Amino acid sequence: MSSSASLATLPPPARTVSRTRRARAVLAAEWIKLRSLRSLPVTLVVAAVFCVGLAALVCSDYAGHWKDVSAADRNTFDPLTVNFGFLRIGVLFFGVLGALVVTSEYGNGLIRTTFAATPQRGLVLAAKAALLGALALPASSVVCFAAFFVGQGLLSGHVPTVHIGDPGVLGHLLGAVAYLTATGLCGVFLGVLARGTAVAMTSVFALFLMLPVTVDELPHTALWRYTVPYLPSNLGETVWHSHTTGLLTAGPAWALLVLWPAGLGTLAALWLRHHDA
Amino acid sequence: MVLAATLLAMVLGAWMVSAGYHSSYTAADRASFDPGDLTLRGVIVTQLLVGALGVLTVTGEYTSGLIRTTFIATPQRGQVLAMKALIFTTVVGVWCTGLSFVAFFVGRSFLTAPVPPVGLGDPGVPTAVFGGGLYLAGVGLFGMFLGALLRRTAAALAALVGVMMVLPVVLALLPGNTGALVSEYSPAGAGFQIWHLVHSGHSLGAWPGFALFTAYAAATAAAAFFTIRRRDV
Amino acid sequence: MIEAKALTKRYGGKTAVDGIDFQVRPGSVTGFLGPNGAGKSTTMRMILGLDLPTAGTVTVDGRDYRGKVWPLHDVGALLDARAVHPGRSAYNHLHSLAAANGIGRARVDVVLEQVGLTSVAHKRVGGFSLGMAQRLGIAGVLLGNPGTMLFDEPVNGLDPDGILWIRTLMRSLAAEGRTVLVSSHLMSEMALTADHLLVIGRGRLLADTPLSELIARHSAERVEVRAADPRRLTADLRAVGARVAVESDGTLAVTGMGSVGIGELAAARGHVLHQLHDVTASLEQAYFRLTGESVEYRTPVSALEAGPTSKAVPKPEAVSA
């Protein structure tokens, strides 16, 4: 148990390193932590099963009850909107997943060890966000495309359907993927700002579930027009194509959907820089 | 802190929902006009805060290990949980009933002509306004018992949100009768009736609905009391 | 080398660390001693750049911790052994720390071997005992083979074997020329481990001295003497100005005169001595004298003197079942 033998085994580190070398090291460290979280694959699989399952349930319910659907509802029926309704819930999985990546370190004090090993806290945050994004992007792609093909498959033969090659459809599919990924990133940054699992999860639920349920169907007063369409959930509705009236057009919605995680990320980075760990 | 947030959510809810309602009010709205739903819409966000508070009341002790000290001091674990529930119900129930009244009066002041005037003396209104507080206290208790059952903050919070807040959204996506039928007897669908004034065909009505909601919470409570006695801390 | 200058930390209106200056030098174990709540952990967190000082500076090897590119090569720290994710294995925990500082995998195996955790390296940390968790924390300290090491209350909750192991390890690390700072509220542990002491109370530095000097300075040294004829010896000692207290078993407690002087006097006057013994005050006594004024949460004496609590607290009535 003597430590003197180890002195020779470790070469002295270079005092000056390139920023990319430093960033690569942090990325590697965060990746080791992420892949050794056992709740991660479980949550992803549950999310995928839930989302695709819900899309299948809703679409088969429409297919089975088409004869009961009123003529007015038939006129406004949009196979894509019905198919993607699961996003209103699926988004919660991604938001909570992002939050847990951060709060799993705050609950037990591990964050101090992390910041002692890498005092460049912004780099740690960037690495966590980058890895979550890299994970959420393929995961949400699989979920959205699977839900689309399963859902349209169940609808076809009974009700009108869309094809992936139809104008705008692929764009809305990508919009759905972007919405889920952006929410995952928002979750990461909310996790930093909230610090605790309970507060972070509650913020995700409030922002992406309860707030839209409360305000979406209100009369479109001036107050509504200047706030509600800018909620991340409604930017999402625009890009994945719902028929809520009064929302923004696709271009600004895409831009603002990127701005939400960017803004929260800036806040989180500033918070980390100026507060004790 | 949480209680202050609930005040904010309730009053903001009443203001945001009720202000401007008169400008879009049409004759068609008269049939479905529900001053309970309008003035008390803040309940939807507030139930999340109160539910999280209920969950944390129990899981906070499990996370910090304080629960061992608590159970060593009082080995009658059922009594500990019952006392917690009693104190929680009293504090949160009184506070939320107060909030419900404040939200009602704030919201009512924005419901100007052509919206028909609404007062506390109108039929069903006292039930709805008291019901807002009762419902919130009920959600908090539900969260508390889920916390005692599952012990972990994340799991209990996810379960509460899943049942009370996600399920209604899921059911609303379904077009057939199944959705409406399940919604009628789901905890949220049943519990919502007490603070609404208009009860559509697919609803149990104020008190029967609330009774069913209470029954769900009571069943969770029974499961919590049963496991908390038998399980190692 | 750790250097603090006018280091201050305030939380709201409460001052946790109040303008302290100190240097922790390489080659010896420096004990950071103080009652609970004195500001030890806050100071350690500021050294590590985790908490920002309200005023003043603290540097390690002349540089601010937050300015270090690969900090684990310079500084290793054990703050809280339970600050690990319970679902992760010991190996993965260390591997991620190593990767963050450009340290290879091979080094992880080396330090796991060094702390004796090789056989449980791939087990969940959640199942570890506190002693094993402490060893894992120490593996993290050794990971970058740093010249400066910080240990916050490292022996808390350890069994005697573990305490001995840590003590030996810290002494050998210091002997290799490293800077070792170890905090504790256990004086007995410091007496056995530290060469140099920083004593802190209520956020202020009370002493910064070698251990032996602290004891010497703050102890009222006395000599215990047993003699064949204590009464005559007492008279002879008092005649030359020494103060003598006679204890119930006849032992003389002499102050104001060293054992050399007493021995010479006894020989000159023909006294038969059975025992001549220097009594140095323990670190405990020196410490209490220093911190006596600064203990934050002191038990009121009256509460301790109130007698057995069973008499003071009325028993509640039994609940009839």
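Structure notes:
- Answer residue from segment A:246-277, given it is touching a residue at least 12 places away in the same chain (Cβ under 8 Å) and either among the basic types (Lys, Arg) or surrounded by fewer than 15 Cβ atoms within 10 Å (Cβ to Cβ) (or both) and is nearest to the other protein chains (Cβ to nearest Cβ) among those: A:Arg273
- On inspection, B:Gly140 passes the criterion of being in a helix (DSSP H, G or I) and within 14 Å of chain A (Cβ to nearest Cβ).
Condition check ((1) farther than 27 Å from A:Thr103 by Cβ; (2) surrounded by fewer than 22 Cβ atoms within 10 Å (Cβ to Cβ); (3) more than 10 Å from chain A (Cβ to nearest Cβ); (4) touching a residue at least 60 places away in the same chain (Cβ under 8 Å)) across all residues:
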position: C:Gly87; (1), (2), (3), (4): no, yes, no, no
position: C:His93; (1), (2), (3), (4): no, no, no, no
position: C:Ser96; (1), (2), (3), (4): no, no, no, no
position: C:Asn101; (1), (2), (3), (4): no, no, no, no
position: C:Val108; (1), (2), (3), (4): no, no, yes, no
position: C:Ser129; (1), (2), (3), (4): no, yes, yes, no
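- First in segment B:167-181 and more than 7 Å from every other protein chain (Cβ to nearest Cβ), second anywhere and basic (Lys, Arg), Cβ under 8 Å, 6 or more apart: none
- Checklist (1) assigned to a helix (DSSP H, G or I); (2) crowded, with 20+ Cβ neighbours inside 10 Å; (3) among the aliphatic types (A, V, I, L, M); (4) more than 7 Å from chain A (Cβ to nearest Cβ) applied to C:Ile20, failing item: (1)
- Failed criterion for C:Thr54 (all others in (1) within 11 Å of chain A (Cβ to nearest Cβ); (2) within 29 Å of C:Phe128 (Cα to Cα) hold): (2)
- Every pair of residues 6+ apart whose Cβ atoms lie under 6 Å, when the first sits in segment A:63-87 and is of a type in the set (S, T, N, Q) while the second is surrounded by fewer than 18 Cβ atoms within 10 Å (Cβ to Cβ): A:Thr81/A:His243
- Only residues that are of a type in the set (D, E, K, R) and either within 12 Å of chain A (Cβ to nearest Cβ) or not in a helix (DSSP H, G or I) (or both) were counted across segment B:39-71, and they come to 1.
- In segment A:200-223, the residues that are more than 7 Å from every other protein chain (Cβ to nearest Cβ) and surrounded by 19 or more Cβ atoms within 10 Å (Cβ to Cβ): A:Ala200, A:Ser203, A:Val204, A:Leu207, A:Phe208, A:Pro212
- Apart from one condition, A:Thr76 fits all of (1) surrounded by 18 or more Cβ atoms within 10 Å (Cβ to Cβ); (2) of a type outside the set (A, V, I, L, M); (3) at pLDDT below 90; the exception is (1).
- Looking only at segment B:45-76, residues that are surrounded by 21 or more Cβ atoms within 10 Å (Cβ to Cβ) and in contact (Cβ under 8 Å) with a residue 60 or more places away in the chain come to 12 in all.
Table: residues versus (1) under 16 Å from the mean Cα position of the chain (by Cα); (2) in contact (Cβ under 8 Å) with a residue 60 or more places away in the chain; (3) on the phi < 0 side of the Ramachandran plot; (4) more than 14 Å from chain A (Cβ to nearest Cβ).
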| residue | (1), (2), (3), (4) |
| --- | --- |
| C:Ala6 | no, no, no, yes |
| C:Arg10 | no, no, yes, no |
| C:Leu33 | yes, yes, yes, yes |
| C:Ile47 | no, yes, yes, no |
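- The helices (runs of 4 or more DSSP H) found wholly in segment A:18-127 and carrying at least 2 residues that are within 9 Å of chain C (Cβ to nearest Cβ) and out of contact with any Ser or Thr (no Cβ under 7 Å at 6 or more places or on another chain) occupy A:19-35, A:110-117.
- Spans of helices (runs of 4 or more DSSP H) in segment B:173-233 with at least 1 residues basic (Lys, Arg): B:206-230
- Identification of helices (runs of 4 or more DSSP H) wholly contained in segment A:136-227 with 1 or more residues that are within 27 Å of B:Met164 (Cβ to Cβ) and among the aromatic types (Phe, Trp, Tyr) yields A:169-194, A:197-205, A:222-227.
- Residue within segment A:228-238 that is surrounded by fewer than 21 Cβ atoms within 10 Å (Cβ to Cβ) and under 17 Å from the mean Cα position of the chain (by Cα) present: yes
- Residue match in segment A:250-264 (condition: more than 16 Å from B:Val169 (Cβ to Cβ) and either hydroxyl-bearing (Ser, Thr, Tyr) or touching a Lys or Arg at 6+ places or on another chain (Cβ under 9 Å) (or both)): no
- So C:Glu153, is it acidic (Asp, Glu) and either at the interface with chain A (Cβ under 10 Å from one of its Cβ atoms) or within 17 Å of C:Arg82 (Cβ to Cβ) (or both): yes
- Check on C:Ala174, within 14 Å of another protein chain (Cβ to nearest Cβ), of a type in the set (A, V, I, L, M, F, W, C) and touching a strand residue (DSSP E or B) at 6+ places or on another chain (Cβ under 9 Å): yes
The values are calculated or read from the model by the stated rules, or taken from the named source; none is laboratory data. None of these values were measured; they are calculated from a predicted model. Note that we place each Cβ from the backbone using ideal geometry, even for glycine, and neighbour counts take in every protein chain shown.
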